[in-house]
Amino acid sequence: MIRIRTGLVTLTVLCLPALALSSPARVAGQSRAHLTAQEVELVKDAQVLDQRIDIFVKAADRRLLVLTGIAPSSKQLKKDSEKWGELPNGSRAELLGDIAKILDEAITNIDDVSARDEKNPLIPKALRKLAAEATRIFDQLRPLREQAKSDIEIARFEELTENAESIVEAVKKLPPPVEKKGKGKEGKAKGKN
């Protein structure tokens, strides 16, 4: 088992295999791509960890828009569709599963970078960003959880919850962020004294 400074790998290794084994879609033998072809290309093009996390967050947000029924402006929709393609479609359970898998893939990307270079300064930055966005997405989906009707929807909410919680727990194990000293007037004045 790989242990990193953030503790994310340990959480991932302990939580995610159980999720994979218990997933109803896997049991039923169904397979669905959680990212569109355009999103996959954007992920491949984003070679820097924090940029890649931004791609995952935007992909999850696109599914959130469909789930909540919040329509972006037609201008924004057109602009996004040029880069991202059409909004994803599917049942509520499928879209929830997509978001859970997107969070899982983001965790895996952070783990991969950490395994190669655990002192990489982008790891805490990406992890904090992912935790904030996972919390925001989860909070927006919370009202839909009460409306879950099928076992598969409930299972997808549980999967999403576990992924979001593992991300938030990993952030709690990070050291506090280091504040950078400003280069403005205050930084110059302190240097002269």
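Derivation of every value follows stated rules applied to the coordinates shown; laboratory data play no part. These numbers were taken from a predicted model, which means no experiment stands behind them. When we count neighbours, we look across all protein chains shown, and the Cβ atoms used for this are built from the backbone with ideal geometry, even at glycine.
Rounded to whole numbers, the Karplus 3J(HN,Hα) couplings from phi for segment 151-156 are 4, 5, 5, 4, 4, 5 Hz, using 6.51 cos²θ - 1.76 cosθ + 1.60 with θ = phi - 60°, and x at Gly and Pro.
The phi torsions of segment 111-121, fed into the Karplus equation with coefficients 6.51, -1.76 and 1.60 and a -60° offset, translate into couplings of 4, 4, 5, 5, 5, 7, 7, 5, 9, 4, x Hz, rounded to whole numbers, with Gly and Pro shown as x.
Which shape class, rounded, prolate or oblate, goes with segment 8-175 when its Cα gyration tensor gives a ≥ b ≥ c as root eigenvalues, a/c under 1.5 marks rounded, and past that a/b bigger than b/c marks prolate? The shape class here is oblate. Taking square-rooted eigenvalues a ≥ b ≥ c of the alpha carbon gyration tensor, is segment 59-138 rounded, prolate or oblate, where a/c under 1.5 means rounded and, failing that, a/b exceeding b/c means prolate? It is prolate, given that a/c is not under 1.5 and a/b is the larger ratio. Highest mean packing comes first when the peptides 126-132, 98-104, 145-151 are listed by Cβ atoms within 10 Å, giving 98-104, 126-132, 145-151. Taking 0.36 nm per residue of sequence separation and removing the Cα-Cα distance, the Asp45/Arg142 pair yields an extension gain of 31.7 nm. Normalising the average separation of contacting C-alpha pairs (under 8 angstrom, six or more residues apart) by the number of residues puts the relative contact order of segment 116-186 at 45 percent. Would you mind checking Lys58/Lys149; Lys75/Lys129; Lys44/Lys83; Lys58/Lys119; Lys58/Lys78; Lys101/Lys129 for any pair whose Cα atoms are more than 19 angstrom apart? Cα-Cα > 19 Å for Lys58/Lys149; Lys75/Lys129; Lys58/Lys119; rest within.
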